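Peer 1: Could you have a look at this structure, given as structure tokens, before my questions?
Read-outs throughout are calculated quantities, based only on the coordinates presented, and are distinct from any laboratory measurement. Treat the numbers as computed from the prediction; the structure is a model and nothing was measured. Using ideal geometry, Cβ is built from the backbone for each residue, glycine included, and neighbour counts are taken over all protein chains shown.
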Amino acid sequence: MSTTPPDSTIHACRRCGACCRWEGDVCLTEPDISAIAGFLQMGEKDFINTYCRLQRNRCGLSLIDDANGACIMLGADNACRIQPVKPRQCRDFPLRWNFPGWETRCPAAVNRKGGPAVC
Ligand code: SF4
Ligand code: SF4
């Protein structure tokens, strides 16, 4: 994980949904859990039991994946089903939260050294 500004220019998100299909945790803070449960009109315990798992480091909760490995909240047309209350990690990507190598996988990243990183 990194919070260092990358060696890239960030263009507008293309809404491709790729970052919602990457492996890894979609980490949830306590305010995230409260907001998402409320948005889904679920109790927090029901939300956790239905949509959450332990993070890989077992230090918190993550959203679960669907059968294809995408985030369980990724809907049709690459739209996030909880867009108004999506987790902090999702709102912060890529400028305030990212990870090594993200620039090679996000079409919004344009590497200053050599044009589009992908696509
Ligand atoms: S991978 Fe990049 S361009 Fe695609 S939805 Fe995520 S942030 Fe936007
Ligand atoms: S919560 Fe929404 S924005 Fe975040 S990974 Fe899941 S589908 Fe993508």
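Peer 1: For the stretch 29-45, in order, what is each residue's ³J(HN,Hα) by Karplus, 6.51 cos²θ - 1.76 cosθ + 1.60 with θ = phi - 60°, in whole Hz (x at glycine and Pro)?
Peer 2: Those phi angles translate into 8, 4, x, 4, 4, 5, 5, 5, 4, x, 4, 8, 6, 10, x, 4, 5 Hz.
Peer 1: Quick check for me: using +1 on Lys/Arg Cβ and -1 on Asp/Glu Cβ, what's the dipole size of the stretch 8-116 about its Cα centre, in debye to the nearest 20? Mind showing how you got there, number by number?
Peer 2: Values: 15 positive and 11 negative charges, 87 e Å.
The dipole of the stretch 8-116 has a size of about 420 debye.
Peer 1: Please state the shape class of the stretch 8-116: rounded when a/c is under 1.5, otherwise prolate if a/b exceeds b/c and oblate if not, all from the C-alpha gyration tensor.
Peer 2: It is prolate, given that a/c is not under 1.5 and a/b is the larger ratio.
Peer 1: State to the nearest 20 debye the size of the charge dipole of the stretch 21-73 about its Cα centre, where the only charges are +1 on K and R beta carbons and -1 on D and E beta carbons.
Peer 2: Around 140 debye, computed over the stretch 21-73.
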